[in-house]
Amino acid sequence: MSTLAPERKPETQQDGQFDRRALLVGVGAAAAAAVGVPLLRRAWADKASVFIARNQRYDGPLEQTIRDGLTATGFDHALIRGRKVLLKPNLVEPTKKCPQMTTHPAVVVAVANVFRNFGAEVVVGEGPGHMRDTEMALVESGMQDALDEAGLRFVDLNYSQTGWIKNAGRATVLDGFHFPREVLEADLIVSLPKMKTHHWVGYTGALKNLYGVIPGIKYGWPKNVLHYAGIPQSIYDINATLPKTISVVDGILAMEGDGPIMGSAKPMGLILVGTNNTAVDATLGRIMGFEPSKIEYLNLAGGRLGPIGDGLIGQRGERWRDVENPFTLIDAPQLRGLRRRGVLVT
Amino acid sequence: MRGQWAACRWYLFDDPHERLLVPARLASPACTACDDRTDRMSYLEVVLDRLAASDVCGYQAGAPAATEPTAVAALALLAHGRIERARRLTERLLEMQRKDGSLGIDRVHALPGWPTAWAILAWRAAQSSQGFDPAYVLAYERGRDWLLGVAGDSGDIVQWEGHDVHLRGWPWVVGTHSWVEPTSLALLALRLTGRGDSPRAREATAMLENRLLPDGGCNYGNTIVFGQALRPHLQPTGLALLALGNQADTTDRIGRSAEYLQRELNDRTTTASLSYGLLGLAARGAYPDKANAWLRAAADRTLARDASSYKLGLIALAALGPDCPLVSGNWDAAPTSAVEVGV
């Protein structure tokens, strides 16, 4: 009764799917040691490139931008034909009064259309972290109308059937995770985060957004089990355990200051696309004025789940230095020293 | 509204539940309350028929049975007098109770145990509506004992500006902090099974009051973080007010929370938030005149979209307003302890 972790419920078939991922991570680390940094650098650069598009608008040609981004970062759409793709937007606590908090429906629909045109079976899923009434989250975010109009199915990940999977990261004490069925069955998960600051960890992007695949019915509202286990550590563990993930970041209307809920709007006009979420988040941080290696969850992920070093990440589209625009932060001890230069406080 | 009901009471409206069963043709054409009742009958009958026909109560149509939707559906059917259809659900809950008295989220997942509070409420209703059945009394007493053995954690949390972290309520998951909704459910279960004056219930009451936002309403359970008051949400506000019942409003925050609900609820409010919000207002004697129309709109949407047993059950409970047993606490005069009846 005193355990922090939900009880272990092994489901061997699903374990099998993800052992491959754990194996790949292990093989990657071993290979790095064997071949040395120069080769690894080239390998990461080939695999982990990030596409940045500027001057983007929610009523603009987003599908074209996203398709270009996927192509530029080496995504092979032929592999996804007939496969299950789960799109995971950020709907943590939507309110019409704060559109900078959550992923805009236009981005979700555009990504869905891209993958539907690739021949994939697309579903949108989210487990809002602060609201049990997911219907409210969908309505307030404008997502319900957009999904209905686009003929897209939504899965409430907070209440979905779950299966247990061994924790492949082991940065926390959690033995494993209960993932929703749609997550376990997905061939590809596309993280669709909002570009925004976070008053505990600095900023969040593709990796932290995947907290939302964790079912509230097992972990609570908020998902307090993960907080107790350590936010950076559990971000790492979840991402180390999930199947293949990529990301498209909604950086058109971003949030600065007291994110991830109460921050101010910061128009950026950006879309980021990448097939390695660690590289995407490192690039995102640089644009926002952070030093990625000072962000604890990125430090854990760096070199294990992907590269965070600037020289290790291939740049496609715009260069991050050309769109860099430091975000303000609240003045809190845990946030001091996360920036590359200077500290802006609200 | 109550005055209007009184004007046509001779039509056999003595039993607040029975009015839902009166054929529409008996309604007085001159009585707006009768129009309202006729309207309520049309959608509530559909809602209750769907609930009664559900063998499996899940969060969505076609989803596997889960504890919370099963208990909510049972409570709704019992509150509307559909006792036989409710019995199979309350018995299913009995089958799901674990040795330690708790119920997990469904048959497969024994943890976390937060839905135990819902089962306690359903069994409490069942032992009143179905005549005394010692199995229900023993079951909810065991559930209550489990509940009383659980408390939110505040061990390593530093005191901060937002709320008093040392006031214990209930967590979603054992070993984590106290939050508004599990605390509200647990407090409601204690209060409606005769333990409203227990030290844990008093502490939970204080904890919920402490989590109300300065301008009214609450969210999942944080109030002020890094100097900013957070935004309220309808569902936890409604549930917290329901759990607090007629608690004296010493800080004005309860009154402001009711005002927040009155401002925000309308015919477009989503089903769960609307239902909990209306129950919270009913608990404060402020059930709105338009509640019926709003619930009908929510029922239409729910039936068209997912026909979730959970949402349909909430609609049926909220439709009873102040007469809902969760609000009135008026199950009947049945004993609230197995000891009292010599079991």
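The values are calculated or read from the model by the stated rules, or taken from the named source; none is laboratory data. What you are looking at is a predicted structure, and each value in this text was computed from that prediction instead of being measured. For neighbour counting, all protein chains shown are included, and Cβ atoms are generated from backbone atoms with ideal geometry for every residue, glycine included. Heavy atoms of the whole protein, side chains included, go into the accessibility calculation; ligands, DNA and RNA do not. Shrake-Rupley method; radii C 1.70, N 1.55, O 1.52, S 1.80 Å.
Other protein chain C-beta atoms within 10 Å of residue C-beta, averaged over B:233-240: 3. Taking amide H positions as modeled 1.01 Å from N, with prolines and chain starts lacking one, the residues under 5 Å from A:Lys266 and 5 or more places away or on another chain are A:Ala254, A:Met255, A:Glu256.
Assuming R0 = 25 Å, can you tell me the calculated FRET efficiency for the pair B:Thr250 and B:Asn330, based on Cβ-Cβ distance, to the nearest 0.05? Please list the in-between numbers first.
Working: r = 26 Å, r/R0 = 1.03.
So the FRET efficiency works out to roughly 0.45.
What is the calculated FRET efficiency for A:Asp310 to B:Arg98, with r their C-beta to C-beta distance and R₀ = 51 Å, to the nearest 0.05? Can you show the working numbers first?
On the way: r = 54 Å, r/R0 = 1.05.
With R0 = 51 Å, the Cβ-Cβ based efficiency is 0.45.
Residue by residue, segment B:206-219 carries 3J(HN,Hα) couplings of 5, 5, 5, 4, 5, 8, 6, 6, x, 8, x, x, 8, 10 Hz when phi is fed to the Karplus relation 6.51 cos²θ - 1.76 cosθ + 1.60 (θ = phi - 60°); x denotes Gly or Pro. The aspartates and glutamates within cross-link reach of A:Lys194, meaning a Cα-to-Cα straight distance under 13 Å and a gap of 8 or more places when in the same chain, are A:Glu93, A:Asp250, A:Glu256, A:Asp281.
Taken one residue at a time, the phi angles of segment A:282-297 give Karplus couplings (6.51, -1.76, 1.60, θ = phi - 60°) of 5, 5, 4, x, 4, 4, 7, x, 9, 9, x, 5, 8, 8, 4, 5 Hz. Gly and Pro are set to x.
Taking label points 7 Å from Cα along the Cα-to-Cβ direction, B:Val46 and A:Asn299 give a separation of 5.8 nm.
Here the peptides B:319-326, B:270-277, A:112-119 are ranked by packing, the mean other Cβ count within 10 Å, and the order with the highest first is B:270-277, B:319-326, A:112-119. For the peptides A:321-331, A:239-249, B:84-94, residues were scored by their other Cβ atoms within 10 Å and the scores averaged per peptide; the highest-first order is A:239-249, B:84-94, A:321-331.
On the basis of the beta-carbon distance and an R0 of 41 Å, B:Ala229 and B:Ser198 show a calculated FRET efficiency of 0.85. Legend: mean number of C-beta atoms from other chains within 10 angstrom of residue C-beta atoms, peptide B:172-184, equals 5.
Subtracting the Cα-Cα distance from 0.36 nm times the residue separation, let me have the gained length for A:Asp175 to A:Asp331 in nm, one decimal. Let's see the in-between values first.
Values: separation 156, 0.36 × 156 = 56.16 nm, distance 3.53 nm.
That pair, A:Asp175 and A:Asp331, stretches by 52.6 nm at full extension.
Using the structure shown, select from A:Lys97/A:Lys244; A:Lys196/B:Lys311; A:Lys97/A:Lys218; A:Lys218/B:Lys311; A:Lys88/B:Lys290; A:Lys196/A:Lys294 the pairs with a Cα to Cα distance greater than 28 angstrom. Too far apart for the 28 Å limit: A:Lys97/A:Lys244; A:Lys196/B:Lys311; A:Lys97/A:Lys218; A:Lys88/B:Lys290. Under 16 Å from a label point 7 Å along Cα→Cβ of A:Lys84: give me every residue in segment A:170-207 with its amide N that close. Only A:178-190 fall inside the zone, counting backbone N under 16 Å. The length gained by stretching the chain between A:Tyr58 and A:Arg340 to full extension, at 0.36 nm per residue less their Cα-Cα distance, is 98.5 nm. Take each residue of peptide B:266-273, count the partner chain Cβ atoms within 10 Å of its Cβ, and average: the result is 4. Given their separation in residues at 0.36 nm each and the Cα-Cα distance between them, B:Arg301 and B:Arg263 gain 11.5 nm when the chain is fully extended. Mind listing, in residue-number order, the residues in segment A:119-141 that have at least 30 Å² less accessible area with every protein chain present than in their own chain alone (1.4 Å probe)? SASA drop of 30 Å² or more in segment A:119-141: A:His130, A:Arg132, A:Asp133, A:Glu135, A:Met136. Each peptide in A:190-199, A:163-172 was scored by the mean count of other Cβ atoms within 10 Å over its residues; highest first, the order is A:190-199, A:163-172.
Of all DSSP beta bridges located in segment A:202-329, what percent are antiparallel, nearest 5?
Details: 9 of 11 bridges.
Taking every DSSP beta bridge with both residues in segment A:202-329, the antiparallel ones total about 80 percent.
Could you estimate the translational diffusion coefficient of segment B:80-179 from the Stokes-Einstein equation, with Rh from the Kirkwood formula over C-alpha pairs, at 25 °C and 0.890 mPa s, in whole µm²/s?
Values: Rh = 14.7 Å.
It diffuses with D of about 166 µm²/s by this estimate.
Label-to-label distance, A:Glu324 versus B:Glu84, with points set 7 angstrom from Cα along the beta-carbon direction: 7.6 nm.
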